[in-house]
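The values are calculated or read from the model by the stated rules, or taken from the named source; none is laboratory data. Please read all numbers here as calculations on a predicted model, not as lab measurements. Here the Cβ positions follow ideal geometry from the backbone for every residue, glycine too, while neighbour counts run over all protein chains shown. Areas reflect the complete protein model, heavy atoms only, side chains present, ligands, DNA and RNA absent. Shrake-Rupley method; radii C 1.70, N 1.55, O 1.52, S 1.80 Å.
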Amino acid sequence: MVALVLAAKDAVQRWQMEVAAVRSEVDLLDQQLSPKHVGGEVSPELPGHERTQLIEQRERLLKSLPTWSNVSVGALALAAAFYALGLLPPALVLHAALRGFGVRCSLLRTTAAQLLGHLGKYVPGKAVVVVLRVSAIVAGGELIPRCELVPRETLVSSEMTSASPESKRSLIGRATSCVFFETLLMMSVGGALAGVLMWSTPLPQWVKWAASLMAIAASIPTLPPVMRRVIAIVSRRRANAKNAGLDSPETAAPPSEDLSTAITWPRLMLGWFWSLCSWCLIGLSFACVMKSIPAYNGLPMGGHLLVVATAAISLGMVLGFASLLPGGAGVREWVTLIVLGTVTDPTHALLCVITARILFIVVESAMALVSHFALRAMSPASA
């Protein structure tokens, strides 16, 4: 909660600074338009065409002033709705991964766990994301018995009983691997999408080629052979961390399970599809944010605005995630501003980034709060 408040406070302060900057420009224009008294005499008025230009410039500045009277509340409501919808597809990816890894967890609980985890990204290191999601899954999940596994499926099976300590450790391990799988896939798809869409922006050629290389690099971890290797390394490191410092082999954790067989091409392709849907909805949300705030020089029309908005927000969020800073603070804004600077003025771009940050925090907090109460209602311990 402290991290959320600090992030929102920083965004509001930036908003206020931009309002003050626009008002100072309007004041300067008013001084130029008002008659000046020099030596007891009134200076002659400006020529007609100069005065008309200054008046038009003043009116555009007043219309672009970021006040509630100028902001489209309807467009902001659409942005909030699209962003809320954009948070849901990753839950389907996580649910499919849990099923593939041999964990039974309802779609409702998985969705609540996924939404609750968004609050963890405002804590340094982002490890709280994994803690929140895994805790919610383990509280109501269980291992799928071997007899229920579908033939021809590469689901991970287990002969352990649900009450044994080994089963609990296995459940935690598999849930952690699934959360890692979903997060890595979401960020990889976002990076690849941003790299492709960069070619539709008027950025320099070297930036576009760098974005293309990023798209290729981001796509590599999503290939099943590579993903299997990464999951196997994560599982082995987690087992080694559990055994670190134990004196007797009897108390050591059992060898790490081979979870990599759950990574298949169909599961990866389905994950790609849902992740793309999520990024497109987030991009649509950011485009609505851009439309809600009047721009001094206007905005691109239709599809071009959507492409630039999606490229800007996806690249900003991916690099912000990679920075490991709370909520990607600073990094997300800086990257997004660079892309937006190609289609709008700096003031409008900064206001869009600030508005999106506040809006996303409000939506994530609201959905996490609903998920919290939903998980309490589902939890046997709270009955």
> What is the residue count in the range 69-107 for residues that are among the aliphatic types (A, V, I, L, M), touching a residue at least 60 places away in the same chain (Cβ under 8 Å) and under 25 Å from L171 (Cα atoms)?
Replying inline: 9
> Do you know which residues across the range 185-209 are within 22 Å of W272 (Cα to Cα) and either open to solvent by 50 Å² or more (accessible area, probe 1.4 Å) or touching a Pro at 6+ places or on another chain (Cβ under 6 Å) (or both)?
Replying inline: M186, S188, V196, W199, S200
> So which of L61, L33 ends up being at pLDDT below 75, under 36 Å from the mean Cα position of the chain (by Cα) and over 29 Å from I231 (Cα atoms)?
Replying inline: L61
> Can you tell me which of M378, M367 is at pLDDT 90 or above, more than 13 Å from the chain's Cα centre (by Cα) and not acidic (D, E)?
Replying inline: M367
